[in-house]
1. Is there any pair linking a residue in segment 63-77 that is surrounded by fewer than 19 Cβ atoms within 10 Å (Cβ to Cβ) to one that is among the charged types (D, E, K, R), with Cβ under 6 Å and at least six apart or on different chains, and which?
2. Taking segment 119-170 only, how many residues are touching a residue at least 40 places away in the same chain (Cβ under 8 Å) and among the basic types (Lys, Arg)?
3. Can you find, within segment 88-115, the residue that is farthest from the chain's Cα centre (by Cα) among those that are of a type in the set (A, V, I, L, M, F, W, C) and within 29 Å of GLN62 (Cα to Cα)?
Amino acid sequence: MKSNRTGRFLMAAALLAGAGVAGAADKNDAAKFQSDAALIQSVRHAIVMYPRYSIFDEIDFQVQNGAVRLQGVVTQPFKKSDLDKIVRNVAGANQVQDDIRVLPLSPNDERLRRIVARAIYADPTMTTYAIQPLKPIHIIVENGHVTLDGVVATDFDKQIAGTRAASAGMSFGPIVNNLQVEKPAKKS
């Protein structure tokens with residue numbers, strides 16, 4: 001009778017231990033083979049949570065079968081290496097290709113960035129964008145050439161941002177307005 005109880009106890013213990021090992025293996029496999037949709041969210045979160053990511057940087061990425069390709073521009077060389085390290089540590093990213101470019105380190109470009117940002121975000125019609133913690137309009141300045149990237153709500157906001165950027169002066173050429181519109185105007 002006693003050996004029967006001991007046998008059942010050992011059998012139950014073995015089953016529980018096996019279930020625990022199998023459960024741990026499933027969690028590790030799930031982290032390794034995270035779906036691309038979940039990986040996109042994780043990579044996006046990691047990038048926007050980087051404390052030095054600013055309105056003067058623009059990072060895009062693509063995810064395919066766990067491989068992440070980083071693209072875009074940053075204002076400082078350390079940001080490129082930091083973002084590469086951060087994305088490599090995201091669960092599910094099994095390969096990272098870093099195609100981020102570092103913009104030239106120029107005091108004139110730095111001054112132009114600040115002037116254009118002030119012109120756009122100080123405009124009263126752009127207050128809804130200025131108060132957001134993650135500013136949706138990114139200002140890229142390379143050798144005096146200004147490009148606006150990001151997302152705005154309406155065509156009118158896109159025009160206002162472009163006009164304010166152009167009125168800031170000091171740009172070497174026309175402002176490239178690549179802002180995307182969430183709610184494009186309907187054609188009549």
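1. GLN71/ASP60; GLN71/ASP99; GLY72/GLU58; GLY72/ASP60
2. Final tally of qualifying residues: 2.
3. First, pick out the residues of segment 88-115 that are of a type in the set (A, V, I, L, M, F, W, C): 90-91, 93, 96, 100, 102-103, 105, 112, 115.
If we keep only those that are within 29 Å of GLN62 (Cα to Cα) as well, we get 90-91, 93, 96, 100, 102-103, 105.
On the way: VAL90: 12, ALA91: 15, ALA93: 14, VAL96: 14, ILE100: 12, VAL102: 16, LEU103: 18, LEU105: 22 Å.
Step by step, filter segment 88-115, then rank; the result is LEU105.
Where a number appears in this text, it was derived from the coordinates with a stated rule and is not lab data. Given the structure is predicted, the values throughout are model-derived calculations rather than measurements. Positions of Cβ are generated from backbone atoms using ideal geometry, with glycine treated the same way; all protein chains shown enter the neighbour counts.
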